[in-house]
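Since the structure comes first, as structure tokens, the remarks are kept for the end.
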């Protein structure tokens, strides 16, 4: 029997990121992505929130995460935080 996917919410906090630099979540994969929730750091903590579908593991398998913010292969999922030029900021490394 196939188990239904549930949704979980993640909150990512960047502690004292470099001031004057843009940070944002990458939504999408490869070259087809958009930076969302873009924020310019003042040196104070930055917070990002996102949801992902959660698929429980079966027969001892680890759980899996799916959705537009989730990157990487099953068993090695991650979330990109775009920084500086990768977040669309001009005149930054």
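The values are calculated or read from the model by the stated rules, or taken from the named source; none is laboratory data. All of these numbers come straight from a predicted model, not from anything done at the bench. Counting neighbours? That spans all protein chains shown, and the Cβs are built from the backbone with ideal geometry, glycine included.
Could you give me the residue pairs with C-beta distances under 7 Å whose first residue belongs to the stretch 19-33 and is more than 18 Å from residue 77 (Cβ to Cβ), whose second residue is at pLDDT 95 or above and surrounded by fewer than 13 Cβ atoms within 10 Å (Cβ to Cβ) wherever it lies, and which are 6+ apart or on separate chains? Between residues of the stretch 19-33 that are more than 18 Å from residue 77 (Cβ to Cβ) and residues that are at pLDDT 95 or above and surrounded by fewer than 13 Cβ atoms within 10 Å (Cβ to Cβ), the close pairs are 19/42; 19/43.
Within the stretch 2-14, identify whether any single residue is buried (at least 16 other Cβ atoms within 10 Å of the Cβ) and at negative phi, and answer yes or no. Yes, the stretch 2-14 contains a residue that is buried (at least 16 other Cβ atoms within 10 Å of the Cβ) and at negative phi. Sub-9 Å Cβ pairs linking a first residue in the stretch 48-64 that is farther than 27 Å from residue 36 by Cβ to a second residue that is assigned to a strand (DSSP E or B), at least 6 apart or interchain, are 56/6; 56/64; 57/64, ordered by first then second residue.
Take residue 43 and tell me if it is surrounded by 14 or more Cβ atoms within 10 Å (Cβ to Cβ), on the phi > 0 side of the Ramachandran plot and either touching a residue at least 60 places away in the same chain (Cβ under 8 Å) or out of contact with any strand residue (DSSP E or B) (no Cβ under 8 Å at 6 or more places or on another chain) (or both). Break it down stepwise before answering.
Details: surrounded by 14 or more Cβ atoms within 10 Å (Cβ to Cβ): no; on the phi > 0 side of the Ramachandran plot: yes; either touching a residue at least 60 places away in the same chain (Cβ under 8 Å) or out of contact with any strand residue (DSSP E or B) (no Cβ under 8 Å at 6 or more places or on another chain) (or both): yes.
Here the answer is no, as residue 43 does not meet what is asked.
On the stretch given as the stretch 70-91, residues that are closer than 18 Å to residue 22 by Cα and either without any contact (Cβ under 8 Å) to a residue 12 or more places away in the chain or surrounded by 14 or more Cβ atoms within 10 Å (Cβ to Cβ) (or both) total 12.
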